[in-house]
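What follows is calculated from the coordinates using simple rules that are stated; it is not laboratory data. None of the values given here were measured: they were computed from a predicted structure. So basically every Cβ, Gly included, is an ideal-geometry build from the backbone, and we count neighbours across all protein chains shown.
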Amino acid sequence: MLKMLFVPSSATKIGFSVSNKIGKAVVRNLIKRQLRAIVRENMHLIKQKGQIVFVAKEGIEKVGYDVIKKDTLYLINKMFF
């Protein structure tokens, strides 16, 4: 449901991409707000500086916050540990 892209850089920048295929603007914005909150809470896990983009896949609109948080933390841990 999530994909993470990382490119090493001199500064840390984080972006979120949610396609129109996911749903209408209200649903897309909700997913982006949830992702921002999760990343903000767990910035201490990001050890390297770089550009990070989280890409939401179809089906993410059907799951709850806990599943999104679990997937996001899994991707961060897989990338940096």
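Quick notes on this one:
- Charge dipole magnitude, Cβ of K and R +1, D and E -1 - segment 2-80, Cα centre, debye nearest 20: 140 debye
- Extension gain (nm, one decimal) between V67 and S10, 0.36 nm per residue minus Cα-Cα: 17.4 nm
- Under-5 Å amide H pairs with F16, H placed in peptide plane, nonlocal only: F54
- Label point distance in nm, F81-H44, each placed 7 Å from Cα along Cα→Cβ: 1.3 nm
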